[in-house]
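The structure appears below as structure tokens.
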Amino acid sequence: MSNRFSTLLARNVPQPHIEARDVSEEPNPDLEDPVPGDISSGEDAGGGFGIAEHTLESSIEGPVHSDSVIDARVRLHRKIIEELNLVALEKLPQDQMRREVKDFVRLTAREERMALNVSEMEELVSDVVDEMIGLGPLEPLMRDPTINDILINGHENCFVEKSGKLQKVHVPFKDEAHLLRIVNKIVVAVGRRIDESQPMCDARMLDGSRFNAAVRPVGVDGPLVSIRKFSKDKLALKKLVEFGAMTEPMAQVMAAAVHARITTIISGGTGTGKTTMLNALSAFIPEDERLITIEDAAELQLQQPHVARMETRPPNVEGLGEIKQRDLVKNALRMRPDRVILGECRGEEAFDMLQAMNTGHEGSMATIHANTPRDAIGRLEQMLGMTGMPMTVQSIRNQISNAIALIVQLTRLSDGKRKITSVTEITGMEGEVVQMQEIYKFTRTGIDKEGNIQGHFEASGIRPRFLEPLSDIGITFPGSYFDPSAIQE
């Protein structure tokens, strides 16, 4: 088989370097600041801080620590804030800062006659450092690589997503003021604000994680926080095959299509892995092409040497200065791109994106929220209607069928696993109907005793039309890749 994509799938894509940055906490005017002078970092002694121990609630009985222990540590934390020069301390290297804090904690604990063993001492030092330069009780969750999402419904009700499943966890916020201070710390660090006049905020954290918060009066029971963590380890297509999200033949066919500039849309619901799939497929774009990415929150980790990244901007306090995705798409087309990669297509920018795909930017890619490939076409029609231009249904569908060649449908199953449930090719128009043909699909066969979905991938028996341009550049596949009688492995 003259197909180089079986070896391309196994290649090691270099990992991106994420530079960690320390963020000093800004003062929060909504919180009381009882100590003048040294508290220029905005720490609120009244809010205190809890222990940085996170335990799945399903596996614990009763409180993790007694109230007396927590209160003693809150008193110690208050004294550290009052007596240490936090501004000078935060300028030190982290190792030196940790030593200074450890010495102070040891001395203060002795004066307070607190019985702390070595592990408790280290834990308390970590808590203080996390409060000063990190996100307090959220830091252990942010460092845990097995956690994908952090969801907070008030300071006493926290959940995380692990392996596609939500699990309740104990996060030791002292009170609502403590949680609100952490929220403000995140928001101020990215140049935004959140208060009663602007109770909602959507932003990208310094490490790339996606952050959303809603505070009172919008959040009835207290601050609502959602953090979609930024993955530092880029999943290659080969890894997705190993995880069972697709088969090797499916991966090779999609990789070859992307390489040969077959315009592709990634479709799926929330949390199905659309960005992960877009990252994995983008690894097969030739390195001599100029790519421009457009996103609401920059998450894509393209490894090509010639990548220009752009990000939208919300309006400021006066409601001015907003930059929408459509503005960025229009600007990107003036920047001589070979391909435009749109993080998520959700509005009137769909018109300009399809125009680009139809006018010399073949191979561009985007993601869209939809449950089936046919639904994705319907959503694109709605988005084109949002432009307000006098276009007939026939012209809208013609533009879609001419611009897009391949739709990859992702689904998160009830057991939490994410799979490609359909790979569909758009073949053109018949009357006023966009014609589509399914190349691969995932067929469910049942569910086992543990609740895991059972099933297999299978080919439809239809050879996609884009195989012809692939063969023109020397990429061919054996007939078994599209044999419906053979269960795909």
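General remarks:
- Cα-based shape type of the range 278-390, given that a ≥ b ≥ c are square roots of the gyration tensor eigenvalues and the cut on a/c is 1.5: oblate
- Our note on the geometry: Cα centres of the range 404-473 and the range 331-366, 24 Å apart.
- Where Ser226, Ser209, Ser414 fall by accessible area, highest first, once all protein chains stay in place (1.4 Å): Ser414, Ser226, Ser209
- Packing order of peptides 143-153, 126-136, highest average first: 126-136, 143-153 (average count of other Cβ atoms within 10 Å over each peptide's residues).
- Rounded, prolate or oblate (a/c below 1.5 giving rounded, otherwise prolate when a/b exceeds b/c) for the range 213-255 by Cα gyration tensor: prolate
- The range 329-450, relative contact order in percent, only Cα pairs under 8 angstrom and at least six apart counted: 18 percent
- Around Gly154: net Lys/Arg minus Asp/Glu count, Cβ-Cβ under 12 Å: -3
- Taking Cβ atoms as reference points and 10 Å as the exclusive limit, the residues near Leu410 contribute a net charge of +4, counting Lys and Arg as +1 and Asp and Glu as -1.
- With all protein chains kept in place, the per residue accessible area of the range 259-334 amounts to 41 square angstrom at a probe of 1.4 angstrom.
- Inter-label distance, nm, simple model (7 Å from Cα along the C-beta direction), Thr392/Glu111: 8.4 nm
- Ligands, DNA and RNA excluded, the heavy atoms of Val220 present near 110 Å² of accessible surface to a 1.4 Å solvent probe.
- Per residue, in Å², the accessible surface of the range 388-474 once ligands and nucleic acids are set aside, probe 1.4 Å: 49 Å²
- Among the listed pairs Lys91/Lys162; Lys238/Lys441; Lys234/Lys419; Lys79/Lys185; Lys91/Lys324; Lys168/Lys324, those beyond 25 Å (Cα-Cα): Lys91/Lys162; Lys91/Lys324; Lys168/Lys324
- Here Thr427 sits with roughly 40 square angstrom of accessible surface, probe radius 1.4 Å.
- Solvent-accessible area of the range 385-435 (1.4 angstrom probe, protein heavy atoms only): carbon and sulfur portion equals 51 percent.
- Loop-located GluC sites (Glu not before Pro) in the range 243-337 (DSSP state other than H, G, I, E, B) with a sparse environment of at most 13 neighbouring Cβ atoms within 10 Å: Glu287, Glu318, Glu322.
- Cα-centred dipole magnitude for the range 94-225, charges only on beta-carbon of K, R (+1) and D, E (-1), debye, nearest 20: 240 debye
- Accessible surface computed residue by residue for the range 108-228, with neighbouring protein chains in place and a 1.4 Å probe, gives 44 Å² per residue.
- Cα-based shape type of the range 149-231, given that a ≥ b ≥ c are square roots of the gyration tensor eigenvalues and the cut on a/c is 1.5: oblate
- By accessible area, using a 1.4 Å probe on protein heavy atoms only, the range 221-333 has 50% of its surface on carbon and sulfur.
- When both the range 100-152 and the range 181-259 are represented by their alpha-carbon centers, they are found 25 Å apart.
The values are calculated or read from the model by the stated rules, or taken from the named source; none is laboratory data. Just so it is clear, the structure is predicted and the values come from calculations on it, not from any experiment. Neighbour counts are summed over all protein chains in view; Cβ atoms, including those assigned to glycine, are modelled from backbone coordinates with ideal geometry. Areas reflect the complete protein model, heavy atoms only, side chains present, ligands, DNA and RNA absent. Shrake-Rupley method; radii C 1.70, N 1.55, O 1.52, S 1.80 Å.
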